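Data block below; observations after.
Any read-out appearing in this document is the output of simple, stated calculations on the displayed coordinates, not a laboratory observation. Just so it is clear, the model here is predicted, and its values are computed rather than measured. With ideal geometry, Cβ positions are generated from the backbone for all residues, glycine too; neighbour counts draw on all protein chains shown.
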């Protein structure tokens, strides 16, 4: 399934995610990885044509990211797609 990830930073902090996790099979199987993104303050970062493999005909895929901002020590993003 091809998906588009869209990150919006609306409050002017900026964000630098450093670790990500993708879970499939209704959050029963997960994989983590280090990432290197930068979301500038009050901008949007879009990643097109990303693929997540699942054996199920229908599934809920959850994506989590952990990172930092210039004004807060840690930050967590969570999103899901069915």
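Details
- Difference of contour (0.36 nm per residue) and Cα-Cα distance, residue 46 to residue 18: 8.4 nm
- Here the spin labels are modelled as points 7 Å beyond Cα on the Cα-Cβ line, and at residue 28 and residue 11 they lie 3.6 nm apart.
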